[in-house]
Amino acid sequence: MFKKILIANRGEIACRIARTCQRLGVAVAGVHSAADRDALHVQVIGESVEIGGAPAAESYLKIDAVLDAARQVGAQAIHPGFGFLAENAAFARAAEAAGLVFIGPTPEVIERLGDKAAAKREARAAGVPVVPGSEVPSDNVEEVAGIVRGLQLPVMLKAAAGGGGKGMRAIHSLERLEDEIESAMREAQNAFGSPGLIVERLIESARHIEIQIAGDGAGKVIHLYERECSLQRRHQKIIEEAPAANLPAKLRDHIAADAVRIGERLRYRGVGTVEFIVQDNAYYFLEVNPRLQVEHPVTEMVTGLDIVEIMLRIASGEGLPLDQEAVTLHGHAVETRIYAEDPAAGFLPSTGRLSTVRFPQDGVRVETGVQTGTDITPYYDPMLAKLITHAPTRDQALDRMVLALDEISLFGVTTNRDFLKRLLNLPETRSATFHTRLIDERIQGWELKSTTHDADTLAIAAYYWLRQQRAAPKNGAWSAWDMSGWQMSAGGAGLAPIPALHLEAGQQAAEIRFAPVQRDGSLLVGVNDQQIRLTLTPLGEERYLAVIGAQRQTVRIAQQDQTLFVQDRQGSHTLTALPYLSYISATQEASGELRAPMMGLILKVNVQPGDTVQAGQVVAVLESMKMEMRIAAECNGTVTAVHCQPGQTVERNAIVVVVEPEK
């Protein structure tokens with residue numbers, strides 16, 4: 001076994017790899033960018049080398065910098081994790097040339113499997129059915145467009161060099177085809193360092209089944225059974241499970257045998273995942289991920305194996321630590337991915353500082369790279385954590401996951417927590433009758449607005465705000481227990497005639513009035529025209545018992561500057577709290593100012609001063625968290641100013657283009 005390895009990654013996967021190494025007595029060191037100096041993975045690993053600037057291209061994708069770090073710390077081997085350089089054959093080859101062991105497949109196998117086009121050729125040669133389409137990647141827009149036009153729609157554009165849903169576009173129409181190709185190429189370049197695309201027929205209403213394999217590099221390959229990854233949004237997996245439900249045993253055996261056959265053909269070394277599209281009783285090879293997968297924990301939970309340990313033992317020359325007959329399944333496991341994104345805003349990634357981070361402690365496996373105080377930047381993937389539940393039956397595992405999501409406190413950014421709960425409770429999820437397009441189809445009919453903030457929720461938030469005001473030093477009229485701001489009704493049971501607080505969330509707003517706090521801790525709160533009497537009792541940390549009439553519920557509340565975060569029976573709420581006088585004195589800005597939805601890099605500017613634009617026309621393209629966002633005109637008008645240029649990093653809410661509306 002190795003004495004010391006370098007973990008060439010960040011976030012939750014760096015923490016997870018370190019945990020296995022530390023259990024095995026293997027010393028670890030890490031790397032970090034300038035943006036990650038205070039990141040959790042740096043603290044967990046303990047020894048880390050700064051290798052460059054915040055953008056991945058200036059740090060985590062710099063081969064020379066990573067190898068220099070390995071030499072500095074005296075590492076014998078490098079574990080690439082997933083993403084970044086994990087599927088980069090040049091990196092694996094450079095590591096070996098530097099006398100380091102690359103914990104993964106050989107560079108030759110990565111070249112033959114890591115590229116989607118090459119992997120299709122290998123699968124076809126092994127006699128495994130493949131999805132019809134191109135098998136040679138291209139970075140020429142016109143060439144790719146020609147391939148698309150030569151196939152029957154719909155088709156899928158796929159980044160040949162990577163995965164994780166990046167650089168992928170479903171094409172259902174030839175309208176704006178070149179724009180979609182350019183966008184996919186840019187995203188592929190940013191995420192994987194290569195813009196090459198392949199084109200495949202899009203097989204809709206299918207399941208995504210993948211087989212975990214492990215090989216000793218000498219021709220012996222085993223499988224660790226399958227994972228179900230059909231719940232996806234925009235080709236990005238959200239919920240995974242093992243084993244797959246409602247998958248006929250004979251079909252499972254055929255798929256697993258084909259996965260092993262591909263591994264044997266290439267004398268596969270290490271662990272990898274062979275992915276398939278399954279439609280009825282037919283299946284097609286999709287791709288191979290020659291690395292550790294994000295969703296590997298569900299396989300670990302049902303097999304009792306540590307996949308990172310298997311990788312280390314194979315790479316160190318010990319060979320496969322077990323035979324196929326030793327791999328058995330126990331129970332069912334489910335994984336959910338917690339993302340910093342806003343479903344109500346088209347799943348726009350969310351950046352900011354995490355003011356509160358708390359995960360369930362009992363009966364739930366948590367993989368995360370964040371903690372209270374972590375800054376969520378636009379430079380990396382927006383995944384905050386993975387939750388994994390394991391139980392004797394699938395229904396029990398799903399039920400435990402719903403409860404686990406209820407126990408999360410992640411305040412400071414908007415997350416997909418409530419969206420995940422909604423997915424887990426879908427009839428198709430419960431019956432395992434889902435397919436890869438289910439979420440995208442169902443979203444069309446869903447009201448993906450922010451969680452409704454009813455009067456009870458607003459009253460709870462208002463009471464908490466008042467408690468915080470009273471706890472702050474030198475708050476004058478707010479400080480006395482029987483006072484609640486405006487004094488004209490002090491000592492009586494009625495509400496103050498003038499609002500003390502303005503609460504707003506999106507298009508919803510409320511004016512809040514308070515009566516004096518009673519000796520029993522109860523408080524009468526006026527929410528617009530409604531009157532609600534409640535008590536709010538601290539239970540420890542950010543948990544409170546809210547009592548309104550005969551109803552009692554445990555809520556979670558936190559505050560960051562003027563923002564209140566509330567989790568109650570309805571879901572997660574983000575509210576802006578403004579003292580009423582400050583609110584009514586604030587000036588209202590109305591203009592054609594188009595602002596950056598979040599911090600990011602300007603990729604394209606499509607207009608210049610004097611141009612006439614139409615509502616919905618894309619004026620600029622922003623890249624953040626490996627995703628492209630299009631900034632569009634909100635009305636017809638004339639461009640009067642452009643405040644950005646390609647290659648410029650802009651802050652959230654920065655004005656990028658100004659449009660004078662048509663009169």
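The values are calculated or read from the model by the stated rules, or taken from the named source; none is laboratory data. Remember, predicted model here, so these are calculated numbers, not experimental data. Ideal geometry is used to build each Cβ from the backbone, glycine not excepted, and the neighbour counts take in all protein chains shown.
A few remarks follow.
- Counted residues, region 143-156 - those being touching an Asp or Glu at 6+ places or on another chain (Cβ under 8 Å) and outside any strand (DSSP E or B): 2
- Positions within region 153-185 being surrounded by fewer than 18 Cβ atoms within 10 Å (Cβ to Cβ) and touching a Pro at 6+ places or on another chain (Cβ under 7 Å), in sequence order: Ala170, His172
- On the stretch given as region 605-636, residues that are part of a strand (DSSP E or B), out of contact with any Leu (no Cβ under 9 Å at 6 or more places or on another chain) and crowded, with 20+ Cβ neighbours inside 10 Å total 1.
- For region 230-313, the strands (runs of 3 or more DSSP E) that sit wholly inside it and include 1 or more residues that are within 27 Å of the chain's Cα centre (by Cα) and within 18 Å of Arg124 (Cα to Cα) are 269-279, 282-289.
- If you filter region 417-445 down to residues that are hydrophobic (A, V, I, L, M, F, W, C) and within 21 Å of Glu210 (Cβ to Cβ), you find that the one that is nearest to the chain's Cα centre (by Cα) is Leu420.
- Residue within region 95-104 that is touching a Pro at 6+ places or on another chain (Cβ under 8 Å), surrounded by fewer than 23 Cβ atoms within 10 Å (Cβ to Cβ) and in a helix (DSSP H, G or I) present: yes
- The sole residue among Ile602, Ile557 that is out of contact with any Gly (no Cβ under 9 Å at 6 or more places or on another chain) and assigned to a strand (DSSP E or B) is Ile557.
- Selection status of Ser585, modelled with pLDDT under 90 and among the polar types (S, T, N, Q): yes
- Residues of region 609-658 satisfying the condition of being over 18 Å from Met598 (Cβ atoms) and of a type in the set (A, V, I, L, M, F, W, C): Val613, Ala615, Ala633, Cys635, Val639, Ala641, Val642, Val658
This table checks each residue for (1) charged (D, E, K, R); (2) closer than 28 Å to Thr273 by Cα; (3) within 22 Å of the chain's Cα centre (by Cα).
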| site | (1), (2), (3) |
| --- | --- |
| Glu122 | yes, yes, no |
| Asp139 | yes, yes, no |
| Ala161 | no, yes, yes |
| Lys166 | yes, yes, yes |
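- Restricting attention to region 376-413, the residues that are more than 24 Å from Leu354 (Cβ to Cβ) and either assigned to a loop (DSSP other than H, G, I, E, B) or of a type in the set (S, T, N, Q) (or both) add up to 3.
- Residues located in region 495-504, provided they are surrounded by 14 or more Cβ atoms within 10 Å (Cβ to Cβ) and within 14 Å of Tyr583 (Cα to Cα): Pro499, Ala500, Leu501, His502, Leu503, Glu504
- Scanning region 173-202 for residues that are over 21 Å from Leu622 (Cα atoms), among the acidic types (Asp, Glu) and free of Cβ contacts under 8 Å to residues at least 40 places away in the same chain yields a count of 1.
- Just so you know, in region 16-51 the residues that are of a type in the set (A, V, I, L, M, F, W, C) and touching a residue at least 60 places away in the same chain (Cβ under 8 Å) include one that is surrounded by the fewest Cβ atoms within 10 Å (Cβ to Cβ), and it is Leu24.
- The lone exception for Gly83 - which of (1) out of contact with any strand residue (DSSP E or B) (no Cβ under 6 Å at 6 or more places or on another chain); (2) surrounded by fewer than 24 Cβ atoms within 10 Å (Cβ to Cβ); (3) closer than 30 Å to Tyr284 by Cβ it fails: (2)
- Criterion violated by Ser194 - all others in (1) outside any strand (DSSP E or B); (2) modelled with pLDDT of 95 or more satisfied: (2)
For (1) touching a helix residue (DSSP H, G or I) at 6+ places or on another chain (Cβ under 7 Å); (2) surrounded by fewer than 22 Cβ atoms within 10 Å (Cβ to Cβ); (3) in contact (Cβ under 8 Å) with a residue 12 or more places away in the chain, each residue gets a yes or a no:
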| site | (1), (2), (3) |
| --- | --- |
| Asn246 | no, yes, yes |
| Ala257 | no, yes, no |
| Ala282 | no, yes, yes |
| Val308 | yes, no, yes |
| Arg313 | no, yes, yes |
| His330 | yes, yes, yes |
| Ala333 | yes, no, yes |
| Ala340 | no, no, yes |
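- Residue satisfying condition, being among the aliphatic types (A, V, I, L, M) and either touching a helix residue (DSSP H, G or I) at 6+ places or on another chain (Cβ under 7 Å) or more than 22 Å from Glu341 (Cα to Cα) (or both), within set Ala654, Ala615, Ala632, Ala596: Ala615
- Any hit, region 157-172, residues being part of a helix (DSSP H, G or I) and either touching a residue at least 40 places away in the same chain (Cβ under 8 Å) or closer than 29 Å to Gly81 by Cβ (or both): no
- Ile203, sole failed condition from (1) surrounded by fewer than 23 Cβ atoms within 10 Å (Cβ to Cβ); (2) closer than 28 Å to Leu312 by Cβ; (3) hydrophobic (A, V, I, L, M, F, W, C): (2)
- Filter result (more than 18 Å from the chain's Cα centre (by Cα) and over 30 Å from Asn653 (Cβ atoms)) within region 352-388: Pro360, Gln361, Asp362, Gly363, Val364
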